[in-house]
Amino acid sequence: MTVDHIGIVVKDIEAAVPFYQKALGLEVSHREDVPAYKVKVAFLQAGETSIELLEPTGDGGIAEFLAKRGPGMHHVAFGVKNIGEHMKRLVQIGLPPIEKAPRDGSRGHKVCFLHPKFADGVLVELVEHA
Ligand code: CO
């Protein structure tokens, strides 16, 4: 189990990236428009993990988060080997993921989310790399 990435909601990815470059020496490793989630993302590699910046491109969960809470930390993602098996186990122990089955995330990966009520207000993402 590894921390795959930390998701941060921003108003404007282009305005947000220079902080990570100048203050921390991080570089953008991947950019993607994800129309299904009305969001565009940029990943900045930070050693073994990365920072995922999420900017809303339309009405949806990320736009709602931004309107309600402002920019800031949104989720912590953990890397798993077999997401389907992991989800089954979570259902068995009474911690069902929000999704019934893994869904397609950015970078072609399979993902699911665990409700923040299970983790002291933290939205947890599980991600299996493609
Ligand atoms: Co994420």
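The values are calculated or read from the model by the stated rules, or taken from the named source; none is laboratory data. This one's a predicted model, so the numbers in the text were calculated from it and none came from an experiment. Heads up, the Cβs are rebuilt from the backbone with ideal geometry, glycines too, and the neighbour counts pull from every protein chain shown. Only protein heavy atoms, including side chains, enter the accessible area calculation; ligands, DNA and RNA are left aside. Shrake-Rupley method; radii C 1.70, N 1.55, O 1.52, S 1.80 Å.
Please enumerate the residues belonging to the stretch 48-58 that are away from the ligand (no atom under 12 Å from the Cβ) and either closer than 17 Å to Arg31 by Cα or modelled with pLDDT of 95 or more (or both). Those that are away from the ligand (no atom under 12 Å from the Cβ) and either closer than 17 Å to Arg31 by Cα or modelled with pLDDT of 95 or more (or both): Glu55, Pro56, Thr57, Gly58. Only residues that are modelled with pLDDT under 95 and either part of a helix (DSSP H, G or I) or touching a helix residue (DSSP H, G or I) at 6+ places or on another chain (Cβ under 7 Å) (or both) were counted across the stretch 86-117, and they come to 3.
Only residues that are of a type outside the set (Val, Ile, Thr) and in contact (Cβ under 8 Å) with a residue 24 or more places away in the chain: list them for the stretch 106-130, please. Before you say what the answer is, go through the steps one by one.
Residues of the stretch 106-130 of a type outside the set (Val, Ile, Thr): 106-110, 112-121, 123, 125-126, 128-130.
Hits for the stretch 106-130 are Ser106, Arg107, Lys110, Cys112, Phe113, Leu114, Leu123, Glu125, Leu126, Glu128, His129.
Residues of the stretch 13-33 that are in a loop (DSSP other than H, G, I, E, B) and hydroxyl-bearing (Ser, Thr, Tyr): none at all.
Rundown of residues vs (1) open to solvent by less than 80 Å² (accessible area, probe 1.4 Å); (2) farther than 22 Å from Ala16 by Cβ, yes/no style:
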| position | (1), (2) |
| --- | --- |
| Ala46 | yes, no |
| Thr49 | yes, no |
| Pro71 | yes, no |
| Glu85 | no, yes |
| Val91 | no, yes |
| Pro97 | yes, yes |
| Gly108 | yes, yes |
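Close Cβ contacts (under 8 Å, 6 or more residues apart or on different chains) running from residues in the stretch 56-76 that are within 9 Å of Val9 (Cα to Cα) and of a type in the set (A, V, I, L, M, F, W, C) to residues that are assigned to a helix (DSSP H, G or I) and open to solvent by 30 Å² or more (accessible area, probe 1.4 Å) comprise Ile62/Tyr37. Of the residues in the stretch 70-77, not one is within 14 Å of the ligand (Cβ to nearest atom) and over 15 Å from Val3 (Cα atoms).
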